[in-house]
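J.: Sending over a structure as structure tokens; questions will come in a sec.
Values in this text are rule-based calculations from the coordinates and carry no lab data. No experiment lies behind these values; they were computed from the predicted model shown. No Cβ is skipped: glycine too gets one built from the backbone with ideal geometry, and neighbour counts run over all protein chains shown.
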Amino acid sequence: MTIENKEDIKKSRMYARQQLIDGWDQDIVSKGCIMIIGVGALGCEIAKDFALMGIGKIVLVDLDTIETSNLSRQMLFKPGDEGRPKAEVAAERLIDLNPFLKVDFYFEKLQKLPMAVYEECDVVIAALDNFNARLDLNKICLRMKKPMVEGGTVGFEGHVQVVIPKDSKLEYKNRENEIEKIVETRMWEFDNPEYLEAQKEIEQLEYLIVRLKQEKLEPFRRLVRKQVEEEFDKKYAEDVINITPCYRCLVPIPPADDKLVAACTLKGLPRNRNHCVIKAEVIFEKDYGFKPDMNVDDDVVKLKALAQKELEDLRGRVFNENVSEESLETLTPKEIAEWKENIKDTFGEDYKFEEMENILGNKIAAIQSVSSIISSIQSQEALKLLFRLRGRNIGPPMDPPYINYNGVYGQFDQLDIIKREDCLACGNIEGEENVQLVVPFDADIGYIFKAMRIIDHALEPILWMITNPINKEMYWNPYMSGEFKDPTIKLTKLKIKNNDILTLTPLGKAKVESEIKKYNVIITFM
Ligand SMILES: [Zn+2]
């Protein structure tokens, strides 16, 4: 392998997780250039974010040197850096973080930079600490037609402003929405009597609503409120005031265990790209006696070949399922080729090793920019709780206790989540557990106990009963004989369908010894 090749693989590995994000294109990022003016608390964070995400080039501008007081926030600097230019030190540390990055730095006033420096970059980020510098930078960006993202913080508050100048070639507003807005205003200007009359009527109705609320509802509300106040402390306060829903309240049924999916895949036929890779891993382990190590290039190559074979088999199976032998005789070679091309499109191109790694590790898409926003919110909430525990108040914990940040739209939403009375973790139900079991299509009753063992709930089949809580059917009862005691009866024969819920209850000594008195098992066929 050439050195160039090895570097490419390393680079590809670095960015594997963000490649999972829909619409992500590492190429765009790698060719991009970001200019950061001000390498303080915000500048360090932002530069670090882009370095980690694999930007092609960062231009740093700062005319300050590092002071000891900077070390509490500006994470690219460390003790001993005092007195050195911020831009220069930051450039060194960013290269440590990402050796593929190019960094230019200027220990200079932003107003004195040659315009060519601005010209080169795609986006300018203002991370400054004073108004005048911001005003000057704003002017430069408008003149150079460069978009600017301005930000600042004061104590616990912060702002971000996006500035898009004329002729920057960026699309910003939605044409349709803008047209609608103008239509709304123009309707007023037209002096159309019918429109004005209707608006007037709406106003009167709104006034009527307000009056009805005040005169009829309010006195009654006050009366009820007095009652509630009298009984609140005794009846509600304990449950309502100082408790939030727990994590399990939101996840009543945990998603099926990977180990189970893997075990099941070996038995069943892969139905999608992910299954092919999982099956390839199982075959690899069987053939070579160990699990493939995604850091070993040799293993990656072997695994890729196995996965590729599964993928081709899958394409072949789907072709045979869709094109019967009779129709094969009537189809033209062109039509057959079209079928095959179509199927190839559906199941995707050849595997890249980072995709296989993402599938096998069951990885979740992640990106530094969003990570730092979310981690910062976590830190802020933890900080408030810490103070609160020590009897000090720097603000209440967030209420509702759940915040969703949408980085696509730049929107924060606080969501009211509900504490489930039947929550298995914080509710009043003791000794119950919900699980999801993934089973192959030809699974039998015995497989349920096998699957339970795989997800670390080993149950003695002779001490548990399986029933359907909806139609009260009995599927397994070791105390009875005949069909209720046949572990080889197929689930499909028992008319158990996808997403049916079965109940497992203990018998005999398990009734006493098992901490869990009831399993609700959701069956998912694969
Ligand atoms: Zn809960």
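J.: Kirkwood hydrodynamic radius (Cα pairs, Å) of region 308-463?
T.: Taking every pair of different Cα atoms in region 308-463, averaging 1/r and inverting gives 22.6 Å.
J.: Tell me the label-point distance for the pair ASN130, TYR247, using the 7 Å Cα-to-Cβ offset, in nm and rounded to one decimal.
T.: Label at ASN130, label at TYR247, 4.7 nm between them.
J.: How do TRP476, TRP24 rank when sorted from fewest to most other Cβ atoms within 10 Å of their own Cβ?
T.: So the residues, fewest neighbours to most, are TRP24, TRP476.
J.: Place +1 on the Cβ of every Lys and Arg and -1 on the Cβ of every Asp and Glu in region 198-338, take the dipole about the Cα centre, and give the residue among PRO292, THR332, GLN214 whose Cα lies farthest towards its positive end.
T.: Highest projection toward the positive end goes to GLN214.
J.: When only C-alpha pairs under 8 Å and at least 6 residues apart count, what is the relative contact order of the chain, in percent?
T.: In percent, rounded to a whole number, it is 11.
J.: May I pose another question? Mind checking the dipole of the chain: about its Cα centre, +1 per Lys or Arg Cβ, -1 per Asp or Glu Cβ, Debye to the nearest 20?
T.: The calculated dipole for the chain is roughly 1120 debye.
J.: Among all the aspartates and glutamates, which ones have a C-alpha under 18 Å from LYS497's C-alpha, if same-chain residues fewer than 8 places away are not counted?
T.: Hits, sequence-local ones excluded: ASP442, ASP444, GLU473.
J.: Please enumerate, by chain and number, the lysines with C-alpha under 25 Å from the C-alpha of LYS139, excluding those fewer than 8 residues away in the same chain.
T.: List returned: LYS57, LYS86, LYS109, LYS112, LYS166, LYS169, LYS173.
J.: If I model a spin label at LYS490 and ARG390 as a point 7 Å from the Cα along the Cα→Cβ vector, what separation in nanometres do I get?
T.: In this crude label model, LYS490 to ARG390 measures out at 6.6 nm.
J.: Just to check, using Stokes-Einstein with a Kirkwood Rh over alpha carbon pairs, what's the diffusion coefficient of the chain at 10 °C and 1.306 mPa s in µm²/s?
T.: For these conditions, the coefficient is 53 µm²/s.
J.: Among CYS423, ILE403, PHE484, which residue has its Cα positioned farthest towards the positive end of the charge dipole of region 389-486, with +1 placed on the Cβ of Lys and Arg, -1 on the Cβ of Asp and Glu, and the dipole taken about the Cα centre?
T.: The one lying farthest along the dipole's positive direction is ILE403.
J.: Taking every DSSP beta bridge with both residues inside the chain, roughly what % is antiparallel (nearest 5)?
T.: Taking every DSSP beta bridge with both residues in the chain, the antiparallel ones total about 50 percent.
J.: Moving on. For ILE373, what is the net charge nearby, where nearby means another residue's Cβ is under 11 Å from its Cβ and Lys, Arg count +1, Asp, Glu -1?
T.: Result for the local shell: -2.
J.: To the nearest Å, what is the center-to-center distance of region 385-401 and region 1-51, using C-alpha atoms only?
T.: 37 Å
J.: Determine which lysines satisfy two conditions relative to LYS334: a Cα distance under 25 Å, and not lying fewer than 8 residues away in the same chain.
T.: Qualifying lysines at Cα under 25 Å: LYS309, LYS344.
J.: Can I ask one more? Beyond a 23 Å Cα-Cα separation, which of these cross-linked pairs lie in this structure: LYS234/LYS419; LYS11/LYS304; LYS472/LYS518; LYS10/LYS302; LYS6/LYS279; LYS11/LYS102?
T.: Result: LYS6/LYS279 exceed 23 Å.
J.: Could you list which residues have their amide H under 5 Å from that of VAL103, counting only those 5 or more apart in sequence or on another chain, with H placed in the peptide plane?
T.: ILE58
J.: Please give the length that would be gained between VAL162 and ILE336 if that part of the chain were fully extended, namely 0.36 nm times their separation in residues minus their C-alpha to C-alpha distance (nm, one decimal).
T.: So the extension gain works out to 57.4 nm.
J.: Taking the Cα centre of region 156-216 as origin, work out the dipole magnitude from +1 charges on Lys and Arg Cβ and -1 charges on Asp and Glu Cβ, in debye rounded to 20.
T.: 260 debye
J.: Note the full-extension length gain between LYS200 and ASP96 as 0.36 nm times their separation in residues minus their Cα-Cα distance, in nm to one decimal.
T.: Taking 0.36 nm per residue and subtracting the Cα distance, the gain is 30.7 nm.
J.: Run the quick spin-label model on PHE412 and ASP287: label points 7 Å from Cα toward the beta carbon, then report their separation in nm to one decimal.
T.: 5.2 nm
J.: Taking the Cβ of MET187 as the center, what net charge do the other residues with Cβ under 12 Å away carry, scoring Lys and Arg +1 and Asp and Glu -1?
T.: Computed value for this residue: -3.
J.: Whole-Hz ³J(HN,Hα) for each residue in region 164-172, computed from phi via Karplus 6.51 cos²θ - 1.76 cosθ + 1.60 with θ = phi - 60°, x for glycine and proline: what do you get?
T.: 10, x, 4, 6, 7, 6, 9, 8, 10
J.: List HIS457, HIS159, HIS275 from most exposed to least, where exposure is judged by having the fewest other Cβ atoms within 10 Å.
T.: Starting with the residue having the fewest Cβ neighbours, the order is HIS159, HIS457, HIS275.
J.: If you don't mind, there's one more thing I want to ask. Put +1 on the Cβ of every Lys and Arg and -1 on every Asp and Glu Cβ in region 52-132; which of PHE107, THR65, MET75 then has its Cα farthest towards the positive end of the dipole?
T.: Going by the charge dipole, the pick is MET75.
J.: Taking GluC sites (Glu not before Pro) as exposed when DSSP calls them loop (any state but H, G, I, E, B) and at most 16 other Cβ atoms lie within 10 Å, what is the longest stretch of the chain free of them, the sites themselves excluded?
T.: 172-348
J.: Which whole-angstrom value gives the distance between the alpha carbon centres of region 288-315 and region 73-129?
T.: Region 288-315 and region 73-129 have Cα centres spaced 43 Å from each other.
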